[in-house]
1. Which residue pairs have Cβ atoms under 9 Å apart, sit 6 or more places apart or on different chains, and have a first residue in segment 75-100 that is of a type in the set (D, E) and a second that is in a loop (DSSP other than H, G, I, E, B)?
2. Please list, ordered by first then second residue, the pairs with beta carbon atoms under 8 Å, 6 or more apart or interchain, first in segment 220-242 and over 20 Å from R107 (Cβ atoms), second at pLDDT 95 or above and exposed (fewer than 15 other Cβ atoms within 10 Å of the Cβ).
3. Which residues, taken from segment 31-45, are farther than 11 Å from S21 by Cβ and without any contact (Cβ under 8 Å) to a residue 24 or more places away in the chain?
4. Please work out which residue is farthest from H62 (Cα to Cα), limiting yourself to segment 9-23 and to residues that are hydroxyl-bearing (S, T, Y) and at pLDDT below 95.
5. Given (1) assigned to a loop (DSSP other than H, G, I, E, B); (2) assigned by TED's automatic domain parsing to the domain that holds S204; (3) surrounded by 19 or more Cβ atoms within 10 Å (Cβ to Cβ), where does G153 come up short, assuming only one miss?
6. Quick check: is even one residue across segment 180-195 on the phi > 0 side of the Ramachandran plot and either touching a residue at least 24 places away in the same chain (Cβ under 8 Å) or in contact with a strand residue (DSSP E or B) (Cβ under 6 Å, 6 or more places away or on another chain) (or both)?
7. Answer yes or no as to whether L129 is within 16 Å of R245 (Cα to Cα), touching a residue at least 40 places away in the same chain (Cβ under 8 Å) and not assigned by TED's automatic domain parsing to the domain that holds V37.
8. Filter segment 26-56 for residues that are within 23 Å of the chain's Cα centre (by Cα) and among the charged types (D, E, K, R) and give the result.
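The values are calculated or read from the model by the stated rules, or taken from the named source; none is laboratory data. Please read all numbers here as calculations on a predicted model, not as lab measurements. All Cβ positions, even for glycine, are placed from backbone atoms using ideal geometry, and neighbour counts span all protein chains on display.
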Amino acid sequence: MATTQRISDEPAYVLHHYDWSESSLILEMFTRHQGRVALVAKGSKRPSSNFRPVLLPLQPLHVSYSIAAGGDAEIHTLKGAEWGGGHVMPTGDALLSGYYLNELLLRLLARDDPHQKLFDCYDAAVQVLACEHGEALQPALRAFELLLLREIGLLPLLDTQTMTLGTLEADARYVLVPEGGLRQSNAQDRASLSGAQWTALQNSLGKDAPFTDVLRACASVMAGLKPQLRTLLHYHCGVSTLKTRQMMLDIQSL
């Protein structure tokens, strides 16, 4: 006879929440060993709930939840949640940047599909955002974008021309485009990187500490890399502008 399965002490982050009833919430969470999961937090909207001060975005948590017998239900039941410590919630631009990372995960990750390495990179990115080192903010976002695309199989090799499988010339310019991968740039391309720069990014993806190494590699190529990754992500997300980016633009226009 099937019994209820319990997941205990699971590292997790809240990606998003929405109302389930007058007193409860549905949480979209990113967990280290189970991937993206949906949990119902019963009674979490009540003033007396122990969940209220804990279930916040961009905060490291340890959660426990139960999976119904059979394991085929999409929404599981949250049983416990504790703050994991380590950093406070980011503020200002860093907070909006964290929401941007959450939106990418919600759009690009399927539920119940574990990505332990990606979870660790997300955790490292959030720590950078929380430290309020402004100069590291944009490189951290680009590093996470690259690692996310690689993890879910949407990033081509960055040291090879995708269509021809030819090696990159160090001084030639190349552009990363949806469906076409990495190709030699032309006069119509608004942004590109040299073969040497793309190769350095590819090498950083294979290092032992991928997030730190990719962040450092991104820092020197920000102007050319950002628009190319934005185009690629919008294509795979199926949108012209992500909601969090539009929010940033609206705030900047005030």
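1. Pairs found: E82/V54.
2. Hits for this filter: zero, empty list.
3. Residues satisfying the conditions do not exist here.
4. That would be S21.
5. The failed condition is (3).
6. yes
7. Criteria not met by L129.
8. E28, R32, R36
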